[in-house]
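A.B. asks: The structure under discussion is supplied below as structure tokens; questions concerning it will follow.
The values are calculated or read from the model by the stated rules, or taken from the named source; none is laboratory data. Model, not experiment: these values are computed from the prediction. Neighbour counts run over all protein chains shown; Cβ positions are idealised from the backbone, glycine included. Note: accessible area is taken over every heavy atom of the protein model, side chains too, but ligands, DNA and RNA are not part of it. Shrake-Rupley method; radii C 1.70, N 1.55, O 1.52, S 1.80 Å.
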Amino acid sequence: MKNKLIKKTIEASKLKITERNYEELELIATQALKIYPNNINFKCLNAIAKKNLNKEYFNQINEIENGCNNDFDLASTVGLFFIDLEEIELAKHFFRLAIEINPTKEDSWLNLGVCLRLEKNLKQSLKHIKKAYELNENNFTTLINLAGVYAESLEIDKSIRYLKKALKIEPNSSKANVDLGCSYYIKGKMKKGFKHYQYRFEEFENLKKVKEAFEKQDWKKWKGEKIKDCQKILFFSEQGIGDCINFIRFVQDFKKINPKVKFKIIIPSEADGLFSFEENEFMKDKDFDLKNLSGYDFYCSIIDIPYYLNISKKEIENKFKPYIFANKKCDYSYFENFFKIGICWAGNPKHSRDNERSCPLSFFKDIYKIPNVKLFSLQKELSSRIRPYEKKPVNLSDCNEIKIVNMSPHMKTWEDTASIIDGLDLVISVDTSILHLASAMGKQTFGLLPFFPDWRWGVLSDRSYLYPTLKLFRQKEAGNWNDVFLDVVNSIKKLSFD
């Protein structure tokens, strides 16, 4: 009877962990400990409930293992909890324990592979997720993760293959469709990419809310159809300043086809004054209030305009002209004899892939050493970064060897930043809004990309059809910026001495 009660209590506890319902888990574990005060299972579960496994428990992993008592599900569930705590080493430990208990269940092979993927150990991750796939070829989650690892390894064709298989199991999966859209796009198949990328309105919470709010007003999503002159459309920017800069140009293509149709564009408030539209065609996002907005018939994200207007990559490339301009001059007379390079080494610290996209300032040392070069910092975010799965804050700006002109005090608005960029000879930036702004201005720009880049940049070229004056420098292996900067230095020497 005692063993049955313990077993039932553990089963109930596992369910609460799976549900991430730690309040109810704590109630169960606390009551269980009153009856069985020395039971290691309940001590472990109680600590998990409080999300505060202290050193006493961290130093007694063997006891927690014993608490799992050859229970595959409990070992797996404890592993999932440690992922929640961002304690990847301990998570791996318990998934390996689960595999020892029962190597024929795919879940722990998959979860161990996911941990290794978080650590960017893609070879080992692939090995373990493949094992999960061998055990069950029709596990949707396994297929999604297998496709993800192949994508990050730049084996895009394999990624597409497994995403298609996942979609046979769950045809309307927003996750699988969005991932497939990105894989097609990164492969250079823009139309197929955009088609599947439409599922982002089901996948991402912020876009889901936008869609629901607009459709409550009986506005239709515009999909390229002809709009009557008496109708109105609302365009919006969905993914920050960089995407706004990138895609806002396509509103002009809409205007050419629909010259009398009234529209507004919701833009990030801080970008006000950056774009050359009529004042009444803009609305700052801080002023946007759906409750007080009526009279529109359609809505559309600016990202979707080229897709619905059927604009090809070749058209975008051929008709490119700079479309953002500085409205004032920055005084560089003191540096007129220097080759002036603006640099930005880090993007938004909250971005999910910040640890891949950003790089330390120290990598710019060899550029700083080139004769006649002067570096100007376009970096605004200088604080240390707190990243998932990293124990200590990361200070990317820690480099006293470089004497750099800090322009951030003068970058109070994006118009200021455009003026600063306008007077430079070259801009070098990681994948962030500065990269888009300099490129949209037609400035000679070098883009520093991680091994697995954002879908917009593809994988096929050092050039982008989006911006003719942009040259892309790609990592040849994940996390390795050394070769990237070697190529950048050689390219600068050719520019500054020709």
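A.B. asks: Hey, what angle do you get for helix 482-497 against the long axis of the chain, alpha-carbon based, 0 to 90 degrees rounded to 10?
C.D. replies: 10 degrees
A.B. asks: Restricting attention to region 226-300, which trypsin sites (Lys or Arg not before Pro) occupy a DSSP loop and are surrounded by at most 14 other Cβ atoms within 10 Å?
C.D. replies: Sites meeting the loop and neighbour criteria: LYS226, LYS228, LYS260.
A.B. asks: Under 5 Å between amide hydrogens, which residues at least 5 positions from LEU472 or on another chain qualify, with H placed 1.01 Å from N in the peptide plane?
C.D. replies: GLY447, ARG463
A.B. asks: Before rounding to the nearest 500, sum -39500 (n - 2.57) across all DSSP H runs of length at least 4 in the chain and divide by the residue total; then give [θ] at 222 nm in deg cm²/dmol.
C.D. replies: -14000 deg cm²/dmol
A.B. asks: Net charge near ALA418, counting Lys/Arg +1 and Asp/Glu -1 over other residues with Cβ under 10 Å of its Cβ?
C.D. replies: For residues surrounding ALA418, the net value is -1.
A.B. asks: May I ask which residue of GLN217, LEU112, TYR332 lies farthest towards the positive end of the charge dipole of the chain, with charges of +1 (Lys, Arg) and -1 (Asp, Glu) on Cβ and the Cα centre as origin?
C.D. replies: Result: GLN217.
A.B. asks: Could you tell me which of VAL149, LEU135, PHE452 has its Cα farthest along the dipole of the chain towards the positive end, charges placed at Cβ (Lys, Arg +1; Asp, Glu -1), taken about the Cα centre?
C.D. replies: Final value for the positive-end residue is LEU135.
A.B. asks: Same structure, new question: How about region 79-180: which trypsin sites (Lys or Arg not before Pro) there lie in a loop by DSSP and see at most 16 other Cβ atoms within 10 Å?
C.D. replies: Qualifying residues, ordered by number: LYS120.
A.B. asks: In addition: Treating the beta-carbon of each Lys and Arg as +1 and of each Asp and Glu as -1, no other charges, what is the dipole magnitude of region 247-343 about its Cα centre, to the nearest 20 debye?
C.D. replies: Using Cβ point charges on Lys, Arg, Asp and Glu, region 247-343 gives about 340 debye.
A.B. asks: Filter the cross-link list LYS123/LYS187; LYS189/LYS226; LYS164/LYS221; LYS14/LYS105; LYS175/LYS216; LYS262/LYS284 down to pairs whose alpha-carbon distance in this structure exceeds 20 Å.
C.D. replies: In this structure, LYS123/LYS187; LYS189/LYS226; LYS164/LYS221; LYS175/LYS216 exceed 20 Å between Cα atoms.
A.B. asks: Return a whole-number percent for the relative contact order of region 118-203, with Cα pairs under 8 Å and 6 or more residues apart as the contact set.
C.D. replies: 20 percent
A.B. asks: Can you give the local net charge around SER362? Use residues other than it whose beta-carbon is closer than 12 angstrom to its beta-carbon, Lys and Arg +1, Asp and Glu -1.
C.D. replies: Local net charge: -2.
A.B. asks: If you average the sequence gap of Cα pairs under 8 Å that are 6 or more apart and divide by the length of region 189-319, what percent do you get for the contact order?
C.D. replies: Answer for region 189-319 is 35 percent.
A.B. asks: With a 1.4 Å probe and every protein chain left in place, work out the accessible area per residue of the chain in Å², rounded to a whole number.
C.D. replies: 49 Å²
A.B. asks: What translational D, rounded to a whole number of µm²/s, comes out for region 78-153 from Stokes-Einstein when the hydrodynamic radius is the Kirkwood one over Cα pairs, at 25 °C and 0.890 mPa s?
C.D. replies: Calculated translational D: 204 µm²/s.
A.B. asks: Rounded to the nearest percent, how much of the accessible area of the chain (1.4 Å probe, protein heavy atoms only) is carbon and sulfur?
C.D. replies: So the carbon and sulfur contribution to the accessible surface is 48 percent.
A.B. asks: Over the chain, what relative contact order in percent results from Cα pairs under 8 Å that are six or more residues apart?
C.D. replies: Relative contact order comes out at 10 percent.
A.B. asks: Which loop-located GluC sites (Glu not before Pro) does region 357-456 contain, where loop means any DSSP state but H, G, I, E or B and the Cβ has at most 10 other Cβ atoms within 10 Å?
C.D. replies: Within region 357-456, the qualifying GluC sites (Glu not before Pro) (loop, at most 10 other Cβ atoms within 10 Å) are GLU401.
A.B. asks: Shifting gears a bit: Work out the length of the dipole vector of the chain about its Cα centre, built from +1 on the beta-carbon of each Lys and Arg and -1 on the beta-carbon of each Asp and Glu, and round it to the nearest 20 debye.
C.D. replies: Result for the chain is approximately 960 debye, rounded to the nearest 20.
A.B. asks: Using the Karplus curve 6.51 cos²θ - 1.76 cosθ + 1.60 with θ = phi - 60°, work out ³J(HN,Hα) for each residue of region 311-328 in order, rounded to whole Hz, and write x for Gly and Pro.
C.D. replies: Values, residue by residue: 7, 7, 4, 4, 4, 4, 5, 5, 9, 5, 9, x, 10, 10, 10, 6, 9, 7 Hz.
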